[in-house]
Amino acid sequence: MKTLNQYIDHTQLASNTKFSDIKRICNEAILYNFYAVCIPSYYINEAKKLLSHSHVKICTVIGFPLGNTPTAVKTFEAKQAIEDGADEIDMVLNIGLLKSGKLLEATQDIKSVKNAIGNHVLKVIIEISELTDTEIVQACNICLEANADFIKTSTGFSKGNATINAVKLIKKTVKNNAKIKASGGIRDYNTALDFIKAGANRIGTSSGVAIITNKENTTHNY
């Protein structure tokens with residue numbers, strides 16, 4: 001039995017994020033018992049202090065939001081984030097490599113980051129709005145080959161957000177070999193529930209409080 005709260009990565013990734021925003025979302029994550037906060041890497045140390053007496057995990061993003069920085073840069077970012085106190089890493093797939101047919105290079109990009117962070121959770125953002133269904137399947141297979149822990153639908157900074165159909169396609173492709181994080185445009189309780197029913201194991205949202213206060217403390221067996 002798992003409460004909806006524990007599916008949520010409470011997110012604040014806007015370019016104008018302030019220290020006061022980090023304090024707010026960390027306090028909200030503690031109050032509403034969210035699984036994690038997802039924040040820019042610059043603020044990891046601040047979040048670590050704010051969350052030191054809680055079970056809330058710290059997630060950050062690398063290669064964000066475009067994914068086309070060199071592998072060495074992504075790897076450095078990830079290692080630094082873990083050293084600073086991050087528990088989980090969300091990295092962006094190099095979509096250009098995928099679309100260029102350079103699947104080995106795209107796989108190695110992910111694998112390098114995963115190797116650098118060891119047992120820490122790695123989620124790969126495949127940015128579904130930029131991909132065809134065939135490319136979504138290819139991206140999933142790349143993630144599996146690279147030992148990613150999660151496949152994440154979207155950055156929330158592109159032309160589209162998470163979709164139920166994409167989550168179902170990802171689930172059909174990866175089965176139980178990787179988990180799924182649905183992210184982008186999820187702002188209410190029923191939508192979050194629909195994504196979980198479709199196969200999502202985690203929900204990335206900046207609307208966590210609104211989602212939970214609508215149906216707070218409701219328990220579901222998924």
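The values are calculated or read from the model by the stated rules, or taken from the named source; none is laboratory data. Keep in mind the model is a prediction, meaning the values are calculated, not measured. Cβ coordinates were reconstructed from backbone atoms using ideal geometry, including for glycine residues, and neighbour counts include every protein chain displayed. Remember, those area values only see protein heavy atoms, side chains included, never the ligands or the DNA or RNA. Shrake-Rupley method; radii C 1.70, N 1.55, O 1.52, S 1.80 Å.
Descriptive notes on the structure:
- Karplus-derived 3J(HN,Hα) values for segment 72-82, using 6.51 cos²θ - 1.76 cosθ + 1.60 with θ = phi - 60°, are 4, 5, 4, 5, 4, 4, 5, 4, 5, 4, 5 Hz; glycine and proline are entered as x.
- Among the protein heavy atoms, those of Arg24 account for about 100 Å² of accessible surface (1.4 Å probe, every chain in place).
- Scaled against 2.2 N^0.38 Å for its residue count N, the alpha carbon radius of gyration of segment 11-84 is 1.12.
- Most fluctuating residue given options Ser15, Ser41, Ser158, as computed from a GNM of the chain linking Cα atoms under 10 Å: Ser15
- Rounded to two decimals, the Cα radius of gyration of segment 1-140 over 2.2 N^0.38 Å is 1.09.
- Å² per residue, accessible surface of segment 66-222 at 1.4 Å: 45 Å²
- With Cα atoms as the point set, segment 37-77 shows a radius of gyration and Dmax of 12.2, 36 Å.
- Radius of gyration and Dmax over the Cα atoms of segment 1-52, both given in Å: 10.9, 37
- Positive-end residue of Leu169, Phe150, Gly208, charge dipole of the chain with Cβ unit charges: Leu169
- Antiparallel content of DSSP bridges confined to the chain, in %, to 5: 5 percent
- Nonlocal amide H pairs with Val92, under 5 Å, H built at 1.01 Å: Ile62, Ile125
- Its residue count N sets the reference 2.2 N^0.38 Å, and the alpha-carbon radius of gyration of segment 109-178 equals 1.06 times that reference.
- To put it simply, the accessible area of the chain at a 1.4 Å probe is 48 percent carbon and sulfur.
- Spin-label proximity, Ala72 to segment 105-144 - amide N less than 16 Å from point 7 Å beyond Cα toward beta carbon: 109, 112-113
- With semi-axes defined as the square roots of five times the eigenvalues of the C-alpha gyration tensor, the equivalent ellipsoid of segment 147-204 measures 17, 13, 9 Å, largest first.
- Rotationally averaged projected area of segment 175-218 (alpha carbon convex hull; nm²): 3.2 nm²
- In this structure, the residue pairs whose Cα-Cα separation is over 19 Å, taken from Lys49/Lys111; Lys23/Lys48; Lys74/Lys152, are Lys49/Lys111.
- Unsatisfied cross-links (Cα-Cα over 32 Å) in the set Lys114/Lys175; Lys18/Lys99; Lys18/Lys172: Lys18/Lys99; Lys18/Lys172
- Counting only cysteine Cβ atoms and a cutoff under 4.7 Å, the chain contains unmatched residues Cys26, Cys140, Cys143.
- Inter-part distance where segment 1-36 and segment 112-153 are each reduced to a Cα centre, Å: 23 Å
- 20 °C / 1.002 mPa s Stokes-Einstein diffusion coefficient of segment 96-222, Kirkwood radius on C-alpha pairs, µm²/s: 143 µm²/s
- Choice from Val167, Val73, Val209 with maximal GNM fluctuation in the chain (Cα, 10 Å cutoff): Val73
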